Amino acid sequence: MDGAHEVMYGEKAVRFTTVAGRKEGEFLEYDAEGMLLKRCYFRGGVLNGPYVVYHGDGLSPMVECMYVEGVKEGPLREYGYQQLGDHRPGMASAGNGNL
């Protein structure tokens, strides 16, 4: 069935759209509290575009890369909270910023 979908699996939820039975456009994954875990894009059922995995705050990227027609292109970037300038209580001692 084509159109917008929201699917629960375990304590996570995903939102995506299908066209002609294939994922198309933005794909979002959320945790049980509704925080964004992952954002990526599909074209014709194949990863195509930015692919971002987020830290637990749902805002700060943890991993970023780019897909072109299902193939990872370019660098995979990994971020720690300190690298992003996040100085929230408890985060300043999170280590050296490496994952």
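Structure above, values below:
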{"item": "Residues with amide H under 5 Å from that of Tyr79, placed H, sequence gap 5 or more", "result": "Val63"}
{"item": "Neighbourhood net charge (14 Å Cβ-Cβ; Lys/Arg +1, Asp/Glu -1) for Lys72", "result": "-3"}
{"item": "Most positive-pole-ward Cα, Met62, Gly45, Met35, against dipole of segment 3-84 from beta carbon charges", "result": "Gly45"}
{"item": "Efficiency of FRET between Ala32 and Lys72 - r from beta-carbon atoms, R0 41 angstrom, step 0.05", "result": "0.90"}
{"item": "Total charge dipole magnitude, segment 6-59, about the Cα centre, Cβ charges on Lys, Arg, Asp, Glu only, Debye to nearest 20", "result": "340"}
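Every number here is computed from the coordinates shown, using simple stated rules; none is lab data. This is a predicted model, so every value here is computed, not measured. Reconstructed Cβ throughout: ideal geometry from the backbone, glycine too, with neighbour counts over all protein chains shown.
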